[in-house]
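What follows draws every value from the coordinates through simple rules; no lab data is involved. The model shown is predicted, which means the values in this text are computed figures rather than measured ones. In this analysis, Cβ positions are derived from the backbone assuming ideal geometry, glycine residues included, and neighbour counts consider all displayed protein chains.
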Amino acid sequence: MTSISITKARAKLNQIVSEVNESSQPITITNNRGKNAVLIGEEDWKAIQETLYLNSIPGMSQSILASKEEEISYRSSFK
């Protein structure tokens, strides 16, 4: 993950936000107090939130994985 000091980030925040949104690569913003932050794009944040929500539902991960296997089996039966 790329890191940048808070001073440099402040000077080119608009550019950094654009880069994060285009690349979907988070950037760590560092300071001299050891309390860093991570900048991510809004779409990536929404995806993380959705994943966390789905993983909080008991059995959801297993259900999703099982449905993927069913879809593969269903498609291969028509070949």
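Looking for something under 13 Å from Ser3 (Cβ atoms) and either out of contact with any His (no Cβ under 7 Å at 6 or more places or on another chain) or not in a helix (DSSP H, G or I) (or both) - is there at least one such residue anywhere in the range 39-53? The answer is yes, given that some residue of the range 39-53 is under 13 Å from Ser3 (Cβ atoms) and either out of contact with any His (no Cβ under 7 Å at 6 or more places or on another chain) or not in a helix (DSSP H, G or I) (or both). Whether any residue in the range 13-33 is surrounded by 13 or more Cβ atoms within 10 Å (Cβ to Cβ), acidic (Asp, Glu) and not in a strand (DSSP E or B) is what I want to check. Looking through the range 13-33, at least one residue is surrounded by 13 or more Cβ atoms within 10 Å (Cβ to Cβ), acidic (Asp, Glu) and not in a strand (DSSP E or B). Filtered by the rule that a residue be surrounded by 14 or more Cβ atoms within 10 Å (Cβ to Cβ) and on the phi > 0 side of the Ramachandran plot, the range 34-46 gives no residues.
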